[in-house]
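Down below is the structure, laid out as structure tokens.
The values are calculated or read from the model by the stated rules, or taken from the named source; none is laboratory data. If you're wondering where the values come from, they're calculated on a predicted model, not measured in any experiment. Cβ sites come from the backbone with ideal geometry, for glycine too, and all protein chains shown count toward neighbours.
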Amino acid sequence: MTNPSPVAATAPSPLDDLLARERTQPLERTSTLGDPIVLENLGKTYPDGTEAVRGISLRVAAGESFGILGPNGAGKSTTIGMLGTLVKPTAGRASVAGFDVVGRPTEVRRRIGFAMQQAGVDEFATPWELVVLQGRLHGLPKHEASARAGLLLGIMELADEADRRLATLSGGTKRRVDLAASLVHLPPVLFLDEPTEGLDPRSRSGIWDLLDRLRSRLGVTLVLTTHYMEEGDRLCERIAIIDRGTVVAEGAPAALKATVGRDATLEDVYLHYTGRAFEDTRMAA
Amino acid sequence: MNAPAQALLLAQRALVQFPRNPILLGFSVMPVLIMYLVFGGLFEGVAELPGFPTDNYFEYLAPTAVLLATVPGIGNAGVALAADLQNGYFHKLLTTPTSVGVVMLGRLLGDCVRLAVQAALVLLLAIALGAEVATGVPGALLMIVMGTLLGIVTFGAISANLAIRTRDAAAVQAIQPMAFLLIFLTSAYQSSDHIDSGVLRTIIDLNPAEHVLRPMRELMLSGYDWGDIGIGFLVIAALGVVALPITARNYRSAYS
């Protein structure tokens, strides 16, 4: 007798609302028509002499989902840190959204969202306050930042926790809040450093689904680092396998696997290109 | 959004954050008020010494209490900075179109307001105990400004540098008692003229805090001595010229 209401069936989701808001406050997507992320012989040697990244060259196309895979200590976080302007390169150059990461860091930051490996949250704030502040620092008016915070926390299924202190929330919840804060200005480029590290399989799968939806709906260029090969396989159109600060293999996951064997996994690809089993390097790290 | 507006937002965040930590809130104000009452009561007789600048010891002690509120009190800013560095929030802020300078300035502004309120509470207690500020409200405000600025360029800089280097809130907290030394080695409790030890008098004269405390006390007890006030601000400026670039350089070397 009561058929589902067509209105209800097509009612806009929080994500639709968010996208509608983006259209009211559009952000300049990129300053050039070229690839939004370009690395040319990028290197980083820390003051103690540690050579974390040794001359990496990569390009990521607009709207692409790109993974940097490798064991702990391979140089993934340093690489993404340089792209996010948090770590200063000591060699080569990189540009994000058309801007040099060293010469124009502020312009880069306007166009990126960055969820770090360690969820960076203010323990005394609430999720809502944290997301609003992040939006305000990106130049959103107060009402707009508030509206987007509400929508993003809804999308992240955090509406019930929105007014609780972050200190009382679990690590997985803090990660989702951090992700919401990274998205509040709807950036064209999103960097995620080990986005599901330490999460249980269910939460991990939830984050993957969310990232899929965000990417397909927002057209975000996504760069993530992970030491979970399965994550790279699931989320990325192209990956670079990084070992001891250099790229040892790059391409679509399926293509890379095909170079190794019929039923090869990305672990097999890693073994093939480095001569070491991925698990061994994880343990050593 | 321009840098000043960003700094104000971050200052607001620092101010909202502070009362949410009841332990920090309580322990940053209560010890000063208790010390003021205890030392004031214990040494009340000092005011009867011939030549002592006032017959109300609480009046003499009030500028000291202002410094006790501001100098060790700024250490909490270092503790909060260490916590932000430790949990990654500092760097999260740096993923927005802002700068290290603005993030630090925002924290500093918020803490200045907090310290000023704490110092005002101390002065209100002094007034409740019968003390009078000879220069009235403007003099009281000048006292608070001087005390707050001294806190920033001395212990504020030390605790910020320690926070940057260690990212350890406990380490920053551990050095907080050192701030009391800076104040105790002044004419905080006894006028220099009544201190017999020549060595101690020399140490007091060499202590930069003494050159800020002295004009503050004059504002409390007698009036505006612009020469001494100028020296006080010069000392603060000199300390700032040394401390602030060291802090900036320390940050750059630690995180570049």
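Looking across A:90, A:106, A:85, A:126, one residue alone is among the hydroxyl-bearing types (Ser, Thr, Tyr) and closer than 12 Å to residue A:178 by Cα. It is A:126.
Selection over segment B:102-115 of residues that are farther than 15 Å from residue B:84 by Cα and either surrounded by fewer than 18 Cβ atoms within 10 Å (Cβ to Cβ) or among the basic types (Lys, Arg) (or both) gives a count of 2. Checked across segment A:179-201, the condition of being over 18 Å from the mean Cα position of the chain (by Cα), under 23 Å from residue A:228 (Cβ atoms) and away from chain B (no Cβ under 11 Å) holds for at least one residue.
Strands (runs of 3 or more DSSP E) fully within segment A:61-168 that include at least 2 residues being at the interface with chain B (Cβ under 9 Å from one of its Cβ atoms) and small (Gly, Ala, Ser): A:112-115. Residue B:104 passes every criterion in (1) free of Cβ contacts under 8 Å to residues at least 24 places away in the same chain; (2) within 30 Å of residue B:215 (Cα to Cα); (3) of a type in the set (A, V, I, L, M) apart from (1).
Taking the listed residues B:51, B:73, B:78, the one that is outside any helix (DSSP H, G or I), buried (at least 18 other Cβ atoms within 10 Å of the Cβ), away from chain A (no Cβ under 14 Å) and at pLDDT below 90 is B:73, with no other qualifying. You will find that of B:60, B:36, the residue that is in a helix (DSSP H, G or I), crowded, with 24+ Cβ neighbours inside 10 Å and of a type in the set (Ser, Thr, Tyr) is B:60 and no other. The residues of segment B:206-243 that are surrounded by fewer than 15 Cβ atoms within 10 Å (Cβ to Cβ) and touching a Ser or Thr at 6+ places or on another chain (Cβ under 8 Å) amount to a single one, B:223. Of the numbered criteria (1) without any contact (Cβ under 8 Å) to a residue 12 or more places away in the chain; (2) under 20 Å from residue B:39 (Cβ atoms), the one residue B:226 fails is (2). Here the condition is being in contact with a Ser or Thr (Cβ under 8 Å, 6 or more places away or on another chain) and of a type outside the set (A, V, I, L, M); of B:151, B:139, B:130, B:106, it holds for B:151 alone. Does residue B:236 qualify as being under 30 Å from residue B:132 (Cα atoms), free of Cβ contacts under 8 Å to residues at least 40 places away in the same chain and either of a type in the set (Phe, Trp, Tyr) or not in a loop (DSSP other than H, G, I, E, B) (or both)? Against the criterion (under 30 Å from residue B:132 (Cα atoms), free of Cβ contacts under 8 Å to residues at least 40 places away in the same chain and either of a type in the set (Phe, Trp, Tyr) or not in a loop (DSSP other than H, G, I, E, B) (or both)), residue B:236 does not qualify.
For residue B:202, the conditions (1) more than 27 Å from residue B:45 (Cα to Cα); (2) without any contact (Cβ under 8 Å) to a residue 60 or more places away in the chain are fulfilled apart from (1).
I need the full set of residues from segment B:1-30 which are surrounded by fewer than 16 Cβ atoms within 10 Å (Cβ to Cβ) and farther than 30 Å from residue A:109 by Cβ, in order please. Scanning segment B:1-30 gives B:19, B:22, B:23, B:25, B:26, B:27, B:30.
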